[in-house]
Ligand SMILES: [Zn+2]
């Protein structure tokens with residue numbers, strides 16, 4: 001986009017910024033989004049895999065789907081968009097990143113204030129005592145057989161610590177959004193198919209906070225400035241322009 005960011009956006013990027021990210025930002029790192037017709041696993045779509053009912057009915061299949069995704073993700077590297085957002089956190093007065101992604105790419109790129117609406121694929125949670133633990137990825141098998149679905153020391157079944165269909169999003173992340181959005185100087189919305197449904201952008205607009213939407217397939221709207229380019233191409237240039245004004 002010619003002449004972007006303009007001076008007003010550039011100044012606001014140095015102040016209080018809320019960043020919203022979704023699947024689009026990780027797609028450029030080679031992580032599939034599991035949407036559309038290529039999202040099937042053993043003939044099942046995500047609705048038949050990512051729900052408490054699915055886990056109760058077929059825990060081994062659900063775990064094996066997550067194991068496949070975890071192993072695929074081991075080799076995924078953050079892309080230029082993830083790194084640009086980590087730079088933004090260092091540059092801005094306050095930067096709050098709220099993501100619907102369960103992968104660790106923001107953290108690997110160096111972002112610190114990350115709130116994960118849909119949980120973390122590299123953690124387990126006990127279905128009985130609710131204890132959350134980090135997964136030891138190096139020790140994970142490629143797939144589980146029926147007998148070895150992991151159990152907690154309390155005897156409860158362990159599940160991936162991610163938010164499934166029909167479940168509430170992470171409340172800490174929701175609170176962060178509700179607290180930070182009204183007082184933000186700018187909201188940056190990046191590839192957010194997964195966070196759109198929470199109405200965060202509309203909330204920001206209702207408080208008069210300008211929103212910049214970086215999305216090659218996005219649409220502009222009232223109070224929303226559209227940058228119709230891939231985040232991995234435009235974000236680094238945007239942050240560099242703010243760091244080194246001409
Ligand atoms: Zn337990």
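The values are calculated or read from the model by the stated rules, or taken from the named source; none is laboratory data. Predicted, not measured: the structure shown is a model, and the values here were computed from it. Cβ placement follows ideal geometry from the backbone for every residue including glycine, while neighbour counts extend to all protein chains displayed.
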List every residue pair whose Cβ atoms lie under 9 Å apart, where the two residues are 6 or more positions apart in sequence or sit on different chains, the first residue falls within region 129-150 and is within 15 Å of residue 65 (Cβ to Cβ), and the second residue, located anywhere, is in a loop (DSSP other than H, G, I, E, B) and away from the ligand (no atom under 16 Å from the Cβ). 150/144
Among (1) under 19 Å from residue 162 (Cβ atoms); (2) in contact with a helix residue (DSSP H, G or I) (Cβ under 8 Å, 6 or more places away or on another chain); (3) touching a residue at least 60 places away in the same chain (Cβ under 8 Å); (4) crowded, with 19+ Cβ neighbours inside 10 Å, residue 74 falls short only on (4)
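Please enumerate the residues belonging to region 1-45 that are at pLDDT below 80 and under 21 Å from residue 236 (Cβ atoms).
Hits for region 1-45 are 1, 2, 3, 4, 5.
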Would you mind telling me which numbered condition in (1) under 25 Å from residue 25 (Cβ atoms); (2) in contact with a strand residue (DSSP E or B) (Cβ under 8 Å, 6 or more places away or on another chain) residue 151 fails? (1)
Please work out which residue is surrounded by the fewest Cβ atoms within 10 Å (Cβ to Cβ), limiting yourself to region 154-179 and to residues that are within 24 Å of residue 42 (Cβ to Cβ) and more than 16 Å from the ligand (Cβ to nearest atom). 166
